[in-house]
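*Asks:* Right, I'll just put the structure down here and ask away after.
The values are calculated or read from the model by the stated rules, or taken from the named source; none is laboratory data. Remember, it's a predicted structure, so these values are computed and weren't measured experimentally. Here Cβ is always computed from backbone atoms with ideal geometry, including for glycine, and neighbour counts include all displayed protein chains.
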């Protein structure tokens with residue numbers, strides 16, 4: 001009798017446990033289907049923040065111009081330089097939005113540049129005598145640049161897994177730490193001609209001097225030109241545009257940089273030529289000054305880096 005009572009209860013308990021187990025399995029499957037996928041970046045550039053170290057080749061078209069037509073002979077009308085050099089830098093990239101690979105870039109670049117210019121001035125007198133002067137000038141600069149860019153990533157370009165192209169644009173600040181100009185002057189003095197009509201060299205004089213472009217010659221016995229106020233700017237600002245290519249842990253970039261401010265600019269109607277006054281003194285003559293500018297407007301950079 002007791003067995004007959006226990007059997008129906010046990011049957012009902014087993015059925016209820018089976019229904020509960022089936023319902024729990026259904027809930028687990030539903031939970032697994034509804035769980036969001038966890039994004040695992042396959043390359044460093046897919047992270048919310050990544051950074052890189054890079055080296056590069058840089059070039060700058062630098063030009064000195066003096067537009068005063070009545071300038072002194074020792075103030076050249078123009079000098080042109082193609083400054084080239086190397087850079088070492090760090091860049092950090094921070095993703096700005098969750099939906100789009102839009103990044104904020106900031107970094108630092110240390111650069112060393114060097115370039116040269118040459119010209120000749122020849123004066124001939126009677127009977128073939130005269131003076132020929134060759135000027136060889138070299139400019140060197142050491143700068144620190146801080147770029148601030150916006151960058152957008154196009155990933156898996158051309159269906160290549162891990163290949164990313166990231167165009168960028170933004171302003172930059174450049175600090176001119178060192179800028180100097182060394183000029184070597186070779187003066188050849190001719191004295192008449194020989195029997196064959198060739199020049200006879202009487203003597204050759206070679207002199208050189210190095211001046212800082214960051215100092216005022218009027219105060220520090222230095223500067224671009226003697227007696228001129230040509231002080232280079234410590235800070236220049238500009239903007240750049242370019243593109244970076246990322247593949248696995250490597251980056252390759254190219255950029256064009258445009259300076260908004262010149263390296264130096266000065267205008268003065270009074271120069272180093274003076275005339276004697278009736279009282280026996282001397283005053284500067286008008287029209288012998290300068291209207292000069294040193295521009296570094298067009299720049300470009302090619303970089304190679306390693307991404308973390």
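*Asks:* Which one is farthest from residue 175 (Cα to Cα), of the residues in region 237-265 that are without any contact (Cβ under 8 Å) to a residue 40 or more places away in the chain and surrounded by 14 or more Cβ atoms within 10 Å (Cβ to Cβ)?
*Replies:* The selected residue is 265.
*Asks:* Please find, among 97, 45, the residue that is out of contact with any strand residue (DSSP E or B) (no Cβ under 9 Å at 6 or more places or on another chain) and either surrounded by 13 or more Cβ atoms within 10 Å (Cβ to Cβ) or at pLDDT 90 or above (or both).
*Replies:* So the residue among 97, 45 that is out of contact with any strand residue (DSSP E or B) (no Cβ under 9 Å at 6 or more places or on another chain) and either surrounded by 13 or more Cβ atoms within 10 Å (Cβ to Cβ) or at pLDDT 90 or above (or both) is 97.
*Asks:* Is at least one residue of region 178-191 in contact with a helix residue (DSSP H, G or I) (Cβ under 7 Å, 6 or more places away or on another chain) and farther than 20 Å from residue 84 by Cβ? Full working, then the answer.
*Replies:* Going residue by residue through region 178-191, those that are in contact with a helix residue (DSSP H, G or I) (Cβ under 7 Å, 6 or more places away or on another chain) are 190.
If we keep only those that are farther than 20 Å from residue 84 by Cβ as well, we get 190.
Yes, the conditions are met somewhere in region 178-191.
*Asks:* Among the residues of region 54-63, are any under 30 Å from residue 123 (Cβ atoms) and either surrounded by fewer than 10 Cβ atoms within 10 Å (Cβ to Cβ) or at pLDDT below 90 (or both)? Before the answer, list the steps.
*Replies:* Let us first name the residues in region 54-63 that are under 30 Å from residue 123 (Cβ atoms), namely 62-63.
Filter again for either surrounded by fewer than 10 Cβ atoms within 10 Å (Cβ to Cβ) or at pLDDT below 90 (or both), leaving 63.
Checking region 54-63: at least one residue is under 30 Å from residue 123 (Cβ atoms) and either surrounded by fewer than 10 Cβ atoms within 10 Å (Cβ to Cβ) or at pLDDT below 90 (or both).
*Asks:* Additional query: Quick check on region 141-162: of everything there that is crowded, with 17+ Cβ neighbours inside 10 Å and at pLDDT 95 or above, which residue is nearest to residue 62 (Cα to Cα)?
*Replies:* Across region 141-162, the extreme among qualifying residues is 141.
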